[in-house]
1. Considering (1) part of a helix (DSSP H, G or I); (2) under 17 Å from the mean Cα position of the chain (by Cα), say which one N32 fails and leave the rest.
2. Output the residues belonging to segment 4-23 that are surrounded by 10 or more Cβ atoms within 10 Å (Cβ to Cβ) and either touching a Pro at 6+ places or on another chain (Cβ under 9 Å) or in a loop (DSSP other than H, G, I, E, B) (or both).
3. Is segment 35-51 home to any residue that is part of a helix (DSSP H, G or I), basic (K, R) and without any contact (Cβ under 8 Å) to a residue 40 or more places away in the chain?
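Values in this text are rule-based calculations from the coordinates and carry no lab data. What you see is a predicted model, and the numbers here were worked out from it, not measured in a lab. FYI the Cβ positions are ideal-geometry reconstructions off the backbone, even for glycines, and counts take in every protein chain you see.
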Amino acid sequence: MLGIDDPIIVLVYLLCIFSALLCVIYGLVYWNKEGESEEEEISEEIAWETKEDEMREKELGL
């Protein structure tokens, strides 16, 4: 079969093809799934930076 005598090698080739197809299907299914909205990301970033500034002020004793 295609010049490949070892059935394990055939299995490896088939598993590679199957995994590639699975990755493509997964990508197509989750292509446009919504994550966090931009407003949520911005508010989280602001909260993170505010907390970081407070920690710096404590560290410097301001």
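1. N32 satisfies every listed condition except (1).
2. Of everything in segment 4-23, just one residue is surrounded by 10 or more Cβ atoms within 10 Å (Cβ to Cβ) and either touching a Pro at 6+ places or on another chain (Cβ under 9 Å) or in a loop (DSSP other than H, G, I, E, B) (or both), namely I4.
3. Of all residues in segment 35-51, those part of a helix (DSSP H, G or I) come to 38-51.
Next cut, basic (K, R) only: 51.
Restricting the remaining residues to those that are without any contact (Cβ under 8 Å) to a residue 40 or more places away in the chain gives 51.
Scanning segment 35-51, I find at least one residue that is part of a helix (DSSP H, G or I), basic (K, R) and without any contact (Cβ under 8 Å) to a residue 40 or more places away in the chain, so the answer is yes.
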